[in-house]
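Nothing in this text is a laboratory measurement; each read-out follows from the coordinates by a stated rule. Source: prediction; values computed, not measured. Heads up, the Cβs are rebuilt from the backbone with ideal geometry, glycines too, and the neighbour counts pull from every protein chain shown.
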Amino acid sequence: MRRIQGVQKLISYLDSVKYPLAEEKIYDLIKNKKLPHKKLINNIIIFDLDQIDWWIKQNRLES
């Protein structure tokens, strides 16, 4: 499974796949449960890149 930890690494990944998002927008999506993620203890956020790729594809289709 492809996983990354933290919003900064997600920002880098999103830039690399040409789907840039601002840090504030990412936190807003997380807060509103609109971005796939897992929150661990100490507010560590984990992103499964397969789920993120699916999410990007869905959002591009809706645009």
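Quick notes
- Of Leu40, Leu49, Leu21, the residue with the greatest mean-square motion in the GNM of the chain, using alpha carbon springs below 10 Å, is Leu40.
- Note on Lys33: aspartates and glutamates with a C-alpha under 20 Å away, same-chain residues under 8 apart excluded, are Glu23, Glu24, Asp48, Asp50, Asp53, Glu62.
- The length gained on full extension between Asn43 and Val7, counted as 0.36 nm times the residue separation minus their Cα-Cα distance, comes to 11.8 nm.
- Summarising the label geometry, the points placed 7 Å from Cα in the beta-carbon direction at Trp54 and Asp28 lie 2.5 nm from one another.
- Over the chain, dividing the summed -39,500 (n - 2.57) contributions of all DSSP H runs of at least 4 residues by the number of residues returns a 222 nm mean residue ellipticity of -16000 deg cm²/dmol.
- Cα gyration tensor category, rounded, prolate or oblate, for the stretch 1-44 with a/c compared to 1.5: oblate
- Total formal charge among the other residues, if their Cβ is under 14 angstrom from that of Ile46, Lys/Arg +1 and Asp/Glu -1: +3
- Net charge dipole size for the stretch 1-44 [Lys, Arg +1 and Asp, Glu -1 on Cβ; Debye, nearest 20]: 280 debye
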